[in-house]
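Accompanying notes for the structure given below.
The values are calculated or read from the model by the stated rules, or taken from the named source; none is laboratory data. In this text, all values refer to a predicted model and were calculated from it rather than measured experimentally. Positions of Cβ are backbone-derived with ideal geometry, glycine not excepted, and every protein chain shown enters the neighbour counts.
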Amino acid sequence: MREKNFTLPVIANYTNKARDFLAYITGLGIVPEAVRPDDVESYLHARRQEYRRRHGSGPVSDVDWRSRYTGPLRMLLRLVCGSWPPALPFLESLKARLEHEQLGGETISLYLYHARQFLDYLDRQQIQLERVSLQDLDAFIAQRLRSYRKRYSRSPRRLVEWRCTHTAAIHRLLQDAQGQWPPPSPGDADLQRFESHLVGQGRERKYIGVWRGHARQFLAYLNQRGIGGCRNILPVGARYLQKAESESFDQPAIPSHYYAPCGVRLPAFYAGRMAASREISTVACALW
């Protein structure tokens, strides 16, 4: 710490936290070299309970409180174990892939951070990476969105970009683990036609993936209700938009006043039902 020019108060704080953690794992019969992430979480849980007993409530900001412990512990465990958190095979494979794609160092670090967050979530939910579903990924993103809103008292200003900062890494992780992601679905042929339709219209490539994702959600909505073809698409599309809007507090979807679920822009959705109907008709013709 002195080599990194840490101040004396910071050195004292880090040393005390490290000493406390070593005493905790020693009491459990765990040597430092054998520490796992679950052991760290157990220690933090114990300290959080102690905090509540002392103050009568939990920390005002759990993130800030947690960081006061994780900084010293990570430094200690990196010295003991060589690296921390421990590298996982899928993370090593993801890192190699990102380096092969010639992404920048900061981008790779960010991708690995989000991938590790997702793996930690799956571990808590006892879900194997090879068995992850779209619903599991949506549940993770919804959880991260709730955490963001709790911390900042608002939603991300650019919700699509915020979601993509998480899913860009996770999609690659799941592709390596499952061989294909998103998983195949009955609507894949429709999605391919829809993507070709967007390309033919000269849509920007960076948006097509986002629009395709919303088209997949809309097709799943139709499939659950046994609906196909253009005949009933307009009232169903309007109901879907209302449902997406009403659930926006918990689902990191694009607001329906800006994008239709199938990826067609709807800037005039609230200007009148006829405008929305024309746009949804375009979607229907592209899909069927």
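Out of His197, His166, which single residue is out of contact with any Asp or Glu (no Cβ under 7 Å at 6 or more places or on another chain), surrounded by 15 or more Cβ atoms within 10 Å (Cβ to Cβ) and modelled with pLDDT of 85 or more? First the steps, then the outcome.
Values: His197 fails: modelled with pLDDT of 85 or more.
After applying the criteria, what remains is His166.
Of the candidates Arg205, Arg151, Arg172, Arg157, the single residue that is surrounded by fewer than 13 Cβ atoms within 10 Å (Cβ to Cβ) and either among the hydroxyl-bearing types (Ser, Thr, Tyr) or modelled with pLDDT of 85 or more (or both) is Arg157. Screening Phe140 on (1) over 15 Å from Leu94 (Cβ atoms); (2) in contact with a Pro (Cβ under 7 Å, 6 or more places away or on another chain) shows it passes everything except condition (2). Counting only residues that are of a type in the set (A, V, I, L, M) and in contact (Cβ under 8 Å) with a residue 40 or more places away in the chain, region 30-62 holds 1 of them.
Within region 143-197, how many residues are assigned to a loop (DSSP other than H, G, I, E, B), under 21 Å from the mean Cα position of the chain (by Cα) and within 28 Å of Ser93 (Cβ to Cβ)?
Summing the residues that are assigned to a loop (DSSP other than H, G, I, E, B), under 21 Å from the mean Cα position of the chain (by Cα) and within 28 Å of Ser93 (Cβ to Cβ) in region 143-197 gives 6.
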